[in-house]
Every structure is written in C-alpha cells, then in structure tokens.
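Data first, discussion second: the structure below is written as structure tokens.
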Amino acid sequence: DAINKAIIAYRTGEYELSEQMWTKVLKMNSNMTIAYSGVGKSKMRAGDYKGAMADFKIAKNPDFYSKALDAYMKETIGNKFTYIFLTIVGGYLLYQLYRLIRAFRRFLREGVKKVV
C-alpha cells in the first residue's frame, strides 16, 4: 500500500509525499532497492542531486545515478563558472601586465634603438 501511494504521489507531482512514503517503505524493508530509487527520484526532483546520487548508488541504479551526477555537475560548474572565468581572464591580464612592465624596464635600460 505504501509503495502504491509513493508511486501515485510521484506521478502527481507530490515529491515530498512520495519521498516520505518511500522512506516509510524503507523502514519496513531496508533491502528494497526500488524504495531507494524512489527516494532518489524524489530528491532529484527537489534539486538534492548529491542525496539522490547516494540513494541511486545504494539502489544500484547506474542510469539515474548518472543523471543525478550530470545535474549535480552542471549545477556546481554553473554556480562557479563566473569565478572560474574571471580567474582565467585575470591571470591573462596579469601576465600581459608583467610582459609590458618587463618591456618598459628593458626600454629604460637599453634605450630606443635596441628594443625596436
């Protein structure tokens, strides 16, 4: 009965209720891998990709584990993309500034004729 309620709740978009029902099923039988998959699917819909990955791993469900991992990576990289991009651009600009300063010092030391 709890399994049917969990499935119906998931299909009707009640993901929290579905997760609660699957958790109830797991309390009755912790070896039921379908319940771990159900909890994982509910967590994935709620945006808890890391938690979903843990449940899919226990359920030995590689397809959904991969989907959760993919979503987790996209979320993680998406959140940090700006910082990564700015770090790369900043590093490039610092390198160019270093080259400019080095050329200017050489100019001061050697004069116009030797630099050109």
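The values are calculated or read from the model by the stated rules, or taken from the named source; none is laboratory data. Given the structure is predicted, the values throughout are model-derived calculations rather than measurements. As a convention, Cβ positions derive from the backbone with ideal geometry for all residues, glycine included, and neighbour counts pool all protein chains shown.
So here's what we get for this one:
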quantity	calculated
Pair list, Cβ under 6 Å, 6 or more apart: the stretch 12-29 residue farther than 16 Å from Gly47 by Cα, other residue among the basic types (Lys, Arg) and surrounded by 16 or more Cβ atoms within 10 Å (Cβ to Cβ)	Met21/Lys5
Flag if Met53 is in contact with a Phe, Trp or Tyr (Cβ under 8 Å, 6 or more places away or on another chain), modelled with pLDDT of 90 or more and not aromatic (Phe, Trp, Tyr)	yes
Ile101, sole failed condition from (1) within 30 Å of Ala2 (Cα to Cα); (2) over 28 Å from the mean Cα position of the chain (by Cα)	(1)
Subset of the stretch 30-46 (residues that are over 15 Å from the mean Cα position of the chain (by Cα) and under 11 Å from Ser18 (Cα atoms))	Ala35, Gly38, Val39, Gly40, Lys41, Ser42
Within the stretch 104-116, tally of residues that are loosely packed, with under 10 Cβ neighbours inside 10 Å, part of a helix (DSSP H, G or I) and either within 45 Å of the chain's Cα centre (by Cα) or aliphatic (A, V, I, L, M) (or both)	2
